[in-house]
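Take a look at the structure set out below.
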Amino acid sequence: MKQKKQQVIPIHRMGAQASLGMEFSYFDIDSENEFAAGITGSDKNMVHRDDYYLFMFLTTEEVFLTVDFEEVRAVGDTVFYVRPGQVHGVPTHFRKTEGWFLAIDSMLVEKEYRNTFEGQILVPRPITLDASVSARMSETARLLHATMQAKPTAFSNGIILNLVNVFIGIIAEQYAGRQENLLHLKSRSALITYQFKELLSGNFKTLKSPIQYAEELNYSLSHLNESVRNITGFPISYWIHQQVIMEAKRLLYYTDMDVREIAFSLGYEDHTYFSRLFSKVAGIPPGAFRRKFRE
């Protein structure tokens, strides 16, 4: 009997058990058979989106992954990442692979690094590292892992977050060095999407509706929305909400502003509407979010 297709692509969210809004793990697998033994049934080849970043530092003979319907191949010492919202699944093929995986909430990634990752409009490709960069990544990963496993102290969380951003920063450094000229190498839809995201990053507190972005960029709403959806898989409204809620998460995490003050600072006069929006997008009320990440 033919298997019933999913009506929507599942979105994986950061688990409530994730410490500090992140998960960091090491794995070492010799063969596809060993990997396959760890997943069963509907988990195999299931595509999904994440609402967080996934960063990888791998040492591999060969591994293939599919991201946003494009196959990417990694060989040797490589770094790679998957942005929130990109569609991906389990590896489709690999030979002996080991490495580190970091899943982390977007709000914990430094803005400069996020800009580098978001600037890669199309599916990013794994980058092969030279020996010195690979050594830095290995040292950082081992120190981060050891710190997370050590007995907690009053300074542990801060040290962990700093080491996490060193790990991410080295990856960002590699992609910044490989940044291509978007103006002539990307498709028309990708260029329009890049223009939209640039406008969004500097104006999300004042421009709230899709039509405002279309007017600012001199595109019809339907053309802008179609271009953004074709490249990212989501409409304009999704990205507006994601940008607003990401900033709200930062304010909830790093400041003592109350929800009313945060709503006003982000351009919302009705804080109850803002709270409903936050709950819908983040999957958790703002007060509960603050308690979860500060406990």
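Assorted remarks:
- Cβ-to-Cβ counts within 10 Å put VAL164, VAL133, VAL67 in ascending order as VAL133, VAL67, VAL164, the fewest first.
- GLU247, GLU110 arranged by Cβ crowding within 10 Å, fewest neighbours leading: GLU110, GLU247
- Reachable aspartates and glutamates from LYS197, criterion Cα separation under 13 angstrom, eight or more residues apart if same chain: GLU118, GLU216
- Contour minus Cα-Cα distance for LYS292 and HIS93 (0.36 nm per residue): 67.9 nm
- Cα gyration tensor shape for the stretch 106-160, rounded if a/c is under 1.5, else prolate or oblate: oblate
- Prolate/oblate/rounded call for the stretch 51-116, Cα gyration tensor, a/c under 1.5 rounded: prolate
- 31 Å Cα-Cα threshold exceeded, pairs from LYS208/LYS292; LYS111/LYS208; LYS96/LYS280; LYS151/LYS280; LYS205/LYS292: LYS96/LYS280; LYS151/LYS280
- Cα-centred dipole magnitude for the stretch 11-177, charges only on beta-carbon of K, R (+1) and D, E (-1), debye, nearest 20: 340
- Global form of the stretch 255-295, assessed from the alpha-carbon gyration tensor, a/c cut-off 1.5: oblate
- Using C-alpha pairs below 8 Å separated by at least 6 residues, the relative contact order for the stretch 11-177 is 25 percent.
Coordinate-derived values only; no laboratory data. The shown structure was predicted, so the numbers you read here are calculated from the model rather than taken from an experiment. So basically every Cβ, Gly included, is an ideal-geometry build from the backbone, and we count neighbours across all protein chains shown.
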